[in-house]
Amino acid sequence: MRFGRVVPRRVKLVASVSRPHVLPVVGSLAYADPIRMRTAGRNLPSPADTALPACERGEQTATTTAIVENMRITVLGGSGAWPTPDAACSGFLVEHDGFRLLMDAGYAVVPRLLAVVPGARIDAVVISHGHPDHCADLNPLLRVRALSGDPAPALPVYALPGALDAVLALDRPGMLDDAIALREFAGGDRFGVGPFTVDTRLLPHFVPNAGMRVAADGVALAYTGDCGPDPAVVELAQEVDLLIAEATYADDMPSQNVGYLTTARQAAGQAARAGVGRLLLTHLRPDTDPAAARDAASDFDGDVEIASPDLSIDLPLSGRWSTD
């Protein structure tokens, strides 16, 4: 799919996932086709039973306060495999137009998140894959929202089929059913979340993993989740303003991980081929030297940063990108 350069449109979601992977246009608004909700025995409401929340209609919710005019990405965690005393695992808060989207919720992300924003003010979550260093803290986030004195509305959570079965089984049956509205998607799907359009691609990993391109109002970022090098990464990240790329190792890759994880050098090569604006290296193992990872990424001649705790990046609304 080609990502064109036209005047950006506001994307509204009246349903989640579209097939074929193109949003039909109605007037000046793009709408997705009806959502497929997978209950997996958790008695989740169906689209016929429940109207979509305001956040999925592209509206500002009552709990949303401060408006971020640019697209802002806040690193909540970027440690690969396990957390450290100083760094949580994968988690990124993406804010735009009063909407807060959480990309991945790995070990120890929720305490970092709650230091930035109350849990009730997260509008949606998208999970790349089912490894716990990317999704384990969905459980405490749902608990925060469900067990407080004033429970928050069901949280839209987007994930590949079955990716969240383990984390959603941590509590007694039914305990968190009212806290989550699970929307499962397939690799290659496109869907709308508030002001964002999300394009997905399956990328090679030990378990199914969805890389994603998140775009709104002329700004785009791409996030690999965990994966080995693949042409789909370059396609997904084509000329985005920011590529958040996993770089578990600086340069040398253990043989058992070849094809399923990426080095900083490989990530830089893909960023250069995609023509991205900036490169943010994430998922470094705690024993990977950040300075060595940055040096290994020298093939990319743009800005290279490491996903360190509390790093925030503002992407200005430039009008460069659309999701056509």
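Under the combined filter of DSSP loop state and at most 15 neighbouring Cβ atoms within 10 Å, region 220-324 retains these GluC sites (Glu not before Pro): Glu239. Using a simple spin-label model with pseudo-atoms 7 Å out from Cα toward Cβ, Ser312 and Ala291 lie 2.9 nm apart. For region 167-324, the share of accessible area belonging to carbon and sulfur comes to 50 percent (1.4 Å probe, ligands and nucleic acids excluded). In the context of the full set of protein chains, residues of region 60-159 present 33 Å² of accessible surface per residue (probe radius 1.4 Å, heavy atoms only). Relative to the current alpha-carbon distance between Asn70 and Ser148, full extension at 0.36 nm per residue lengthens the span by 25.0 nm.
Length, then width, then depth: along the principal axes, the Cα atoms of region 76-230 run 45, 33, 32 Å. Between Leu170 and Ala115, the contour length at 0.36 nm per residue exceeds the Cα-Cα span by 17.4 nm. Spatially, region 111-135 and region 78-107 are offset by 6 Å when compared through their Cα centroids. When the alpha-carbon atoms of region 86-138 are used, the pair Rg, Dmax equals 10.3, 30 angstrom. Here region 144-287 is described by how far its Cα atoms reach on the three principal axes: 48, 39, 26 Å, from widest to narrowest. Per the Debye calculation on region 209-324 with a single equal scatterer at every Cα and no solvent contribution, log₁₀ I(q)/I(0) for q = 0.14, 0.16, 0.19 Å⁻¹ amounts to -0.51, -0.67, -0.93.
The values are calculated or read from the model by the stated rules, or taken from the named source; none is laboratory data. All of these numbers come straight from a predicted model, not from anything done at the bench. Here Cβ is always computed from backbone atoms with ideal geometry, including for glycine, and neighbour counts include all displayed protein chains. Remember, those area values only see protein heavy atoms, side chains included, never the ligands or the DNA or RNA. Shrake-Rupley method; radii C 1.70, N 1.55, O 1.52, S 1.80 Å.
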